[in-house]
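The values are calculated or read from the model by the stated rules, or taken from the named source; none is laboratory data. Nothing here was measured: the structure is a model prediction, and the numbers come from that model. Positions of Cβ are generated from backbone atoms using ideal geometry, with glycine treated the same way; all protein chains shown enter the neighbour counts.
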Amino acid sequence: MKGNDPYQTDRALREYLLSHYGSEEEILSLGVGPRDALGFCVRTVELLLDLNTLSGDGRALDLGCAVGRSSFELAKRCNQVIGIDKSPSFVNACETLRVSGELAFESVKQGGIAHSLTARVDDEVDRGRVRFEVGDACALPEELGSFEVVHAANLLCRLSDPRAFLARLPDLVLPGGQLLLATPFTWLEEFTSIDKWVGGVEDDSSHVLKSLLSSSFQLERELNLPFLIREHERKFQFGISLGMLWRRSR
């Protein structure tokens, strides 16, 4: 990646904590905005995960976990969860939330005016089921093993080598296991060189992605998942990810 990592800044940490843990009133403080885009980290688990086929004692892997909300959501349904992110500042925040259950942060209202807020993990979450690590999704250690559930939301188009990541997935997901994948396909050269893009040049990215995964996975569910990141009370990043549930072939 060229230049400084935008996910290592205090601004990114504040914005992601608010996106993951903020209430509707805290995020849409003016009372207007796309409410259906709130709670993205919860919806990628709730709407994609097939609860009927979970063993109840399986392991889950949350890749690109950011500040951990989806990891904690997975812990409501899986016995062990590993959350991995490349940003040490994000993982440090995850670890604070895991240990203490809460983390104070500031949300920008306007310019230099900010409000103090607190991110909190739901009381129903057994935080002891979760652990967090700093790691690169394109270079995961072999000893990581395989999982009943692998979750990767808004990660693919921020990787230096997304095709290498996709090639590793059959080893990460157990036969019959689930891959929960969501991506807006926002390809940018600052993160991924054009020759590594999954589509987005001549072919539609969703078609190329499905072609690459279909040899080892079966697509069971597909839906559009809007998401929202607040910069300040009058400015937001709004996107729509393609959410997919893939089943690892037996």
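R248 meets the conditions (1) charged (D, E, K, R); (2) more than 21 Å from the chain's Cα centre (by Cα); (3) under 20 Å from V45 (Cβ atoms) in every case but one. The failed one is (2).
Conditions tested, residue by residue: (1) among the hydroxyl-bearing types (S, T, Y); (2) under 19 Å from E124 (Cα atoms).
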position	(1), (2)
R11	no, no
R14	no, no
S19	yes, no
R43	no, yes
G56	no, yes
L74	no, yes
N79	no, yes
G83	no, yes
V99	no, yes
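Within region 171-223, the set of residues being crowded, with 20+ Cβ neighbours inside 10 Å, part of a loop (DSSP other than H, G, I, E, B) and in contact with a Lys or Arg (Cβ under 7 Å, 6 or more places away or on another chain) comprises just one member, V198.
Taken over region 163-204, the criterion of being among the charged types (D, E, K, R) and closer than 24 Å to V81 by Cβ is satisfied by R168, D171.
Of the residues making up region 146-161, those that are of a type outside the set (A, V, I, L, M) and either modelled with pLDDT under 95 or within 15 Å of the chain's Cα centre (by Cα) (or both) are H151, N154, C157, R158. Taken over region 72-92, the criterion of being out of contact with any strand residue (DSSP E or B) (no Cβ under 6 Å at 6 or more places or on another chain) and not polar (S, T, N, Q) is satisfied by F72, E73, K76, R77, D85, K86, F90.
Just give me the residues in region 224-237 being surrounded by fewer than 13 Cβ atoms within 10 Å (Cβ to Cβ) and in contact (Cβ under 8 Å) with a residue 60 or more places away in the chain, in sequence order. R234, the sole residue that qualifies.
Looking across region 132-156, the residues that are in a strand (DSSP E or B) and within 24 Å of G176 (Cβ to Cβ) come down to F147, E148, V149, V150, H151, A152, A153.
Exactly one residue out of C138, C94 is surrounded by 14 or more Cβ atoms within 10 Å (Cβ to Cβ) and either within 30 Å of L30 (Cα to Cα) or of a type in the set (A, V, I, L, M) (or both), and it is C94. For region 194-223, a residue qualifies if it is under 17 Å from R43 (Cβ atoms) and without any contact (Cβ under 8 Å) to a residue 40 or more places away in the chain, and exactly one does: E222. Here's a check for you: in region 18-58, which residue that is of a type in the set (V, I, T) and either surrounded by 17 or more Cβ atoms within 10 Å (Cβ to Cβ) or assigned to a loop (DSSP other than H, G, I, E, B) (or both) is nearest to the chain's Cα centre (by Cα)? Residue satisfying both the conditions and the ranking: T44.
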